[in-house]
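Asker: Supplied in structure tokens, the structure appears directly below.
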Amino acid sequence: MIPYLRKCFNISQEHKDIGIGGVSLGGLFTLYTLLKDPETFGYYILISPSIWYPRFVEFMKQQEIIKQDKRIYWYVGEQEGRQHISIKQEMFTQTELGVGILNELMISENASFYYETNKRGNHEISYFKKYFARAIKKLF
């Protein structure tokens, strides 16, 4: 899709100048993109990524080092998933593990990784909007 967008619009040819972001499963896809194709984007916004997804943390542990300079913002509410009785209940715990793994994978001294939580934060649009705005300010 990026080549098509570059053809139709005035989008930078440099990956470091463009970004991707997502919320919930979109955030999981954004994180997956960072891990599997780090050459495509320079900026990543992860808002409550669904890292509870089965075996995703184990998948993260198997990924290669990220050598490129990346600018990443990751937010999760500490109450996310607590009301569930399924695997989603581990949302915050799994996120903490994922953040630690990502920190280890990123080796560039010029990379920026911002991680924020909210003690009362739930998986709700009001938190998504608030922290998306914070991500834009931090990254750009």
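Laboratory data are not the source of any read-out in this text; all were calculated from the coordinates shown. Given the structure is predicted, the values throughout are model-derived calculations rather than measurements. Neighbour counts run over all protein chains shown; Cβ positions are idealised from the backbone, glycine included.
Asker: Counting other Cβ atoms within 10 Å, keep those with at most 10, restrict to DSSP loop, and tell me which trypsin sites (Lys or Arg not before Pro) in segment 58-128 are left.
Answerer: Lys119, Arg120
Asker: Also, I was wondering about something else. In a Gaussian network model over the chain where Cα atoms closer than 10 Å are linked, find which of Gln62, Gln94, Gln79 has the largest mean-square fluctuation.
Answerer: Gln62
Asker: Over 26 Å between Cα atoms: which of Lys70/Lys129; Lys7/Lys61; Lys67/Lys137; Lys7/Lys129; Lys88/Lys119; Lys70/Lys137 fall into that group?
Answerer: Distance filter (> 26 Å) returns Lys7/Lys61; Lys7/Lys129.
Asker: With a/c under 1.5 counting as rounded, go ahead and sort segment 22-139 into rounded, prolate or oblate using the C-alpha gyration tensor (a ≥ b ≥ c being the square roots of the eigenvalues; past the cut-off, prolate if a/b is larger than b/c, else oblate).
Answerer: In terms of gyration-tensor shape, oblate.
Asker: How about segment 95-140: which GluC sites (Glu not before Pro) there are in a DSSP loop, with at most 16 other Cβ atoms within 10 Å of their Cβ?
Answerer: When the GluC sites (Glu not before Pro) of segment 95-140 are filtered for loop state and at most 16 Cβ neighbours within 10 Å, Glu109, Glu124 remain.
Asker: Measure nothing but the geometry: give the 0 to 90° angle between the long axis through the Cα atoms of 91-105 and the longest principal axis through the Cα atoms of the chain, rounded to 10°.
Answerer: It works out to around 40 degrees.
Asker: Quick one: among Phe29, Phe59, Phe113, which has the greatest mean-square fluctuation in a GNM of the chain with alpha-carbon springs under 10 angstrom?
Answerer: Phe59
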